[in-house]
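Engineer: Here it is, the structure, as structure tokens.
Values in this text are rule-based calculations from the coordinates and carry no lab data. What you are looking at is a predicted structure, and each value in this text was computed from that prediction instead of being measured.
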Amino acid sequence: MFGRYWIGWDPPRHVETYSRKSIEALFEGAGLRLVAARPDICNGAMLALNITHALRGAGVELRLHESTLVRMLLSPFALIGMWLGMPAARIYVGQK
């Protein structure tokens, strides 16, 4: 949703995302099998941080993520995104 302004692009820690096929290949190479891919919980704070980052990229300096009210108001939208299959992150579970 946020493209290059997604807060998950956080070099040097987060420089790559993986498809389910890529994760399965990595797990297989480690002798594991993928048993679950679950959405990670995204809350209003994370959504506000993404919006702040996107605005900054457009030259607008608003620190929305510092507002408790904004974070609270955005929480339902984060949950709706997860429900629609657009989570901010996924958790992959492997088994030997």
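Engineer: Could you derive backbone 3J(HN,Hα) for segment 20-32 from the dihedral phi with the Karplus parameters 6.51, -1.76 and 1.60 (θ = phi - 60°), listing whole Hz in sequence and x where the residue is Gly or Pro?
Structural biologist: Residue by residue, segment 20-32 yields 4, 4, 5, 4, 4, 5, 5, 4, 4, x, 9, x, 10 Hz.
Engineer: Would you pull out the residues with amide H under 5 Å of ARG90's amide H, same chain only if 5 or more places away, H placed 1.01 Å from N?
Structural biologist: The answer is ASP40.
Engineer: Hey, if you drop one equal point scatterer on each alpha-carbon of the chain and run the Debye formula without solvent, what base-10 log of I(q)/I(0) do you get at q = 0.25 Å⁻¹?
Structural biologist: Rounded to two decimals, the profile gives -1.28.
Engineer: Taking the chain as a Gaussian network, Cα atoms linked when under 10 Å apart, which of LEU74, LEU26, LEU64 shows the biggest mean-square fluctuation?
Structural biologist: LEU26
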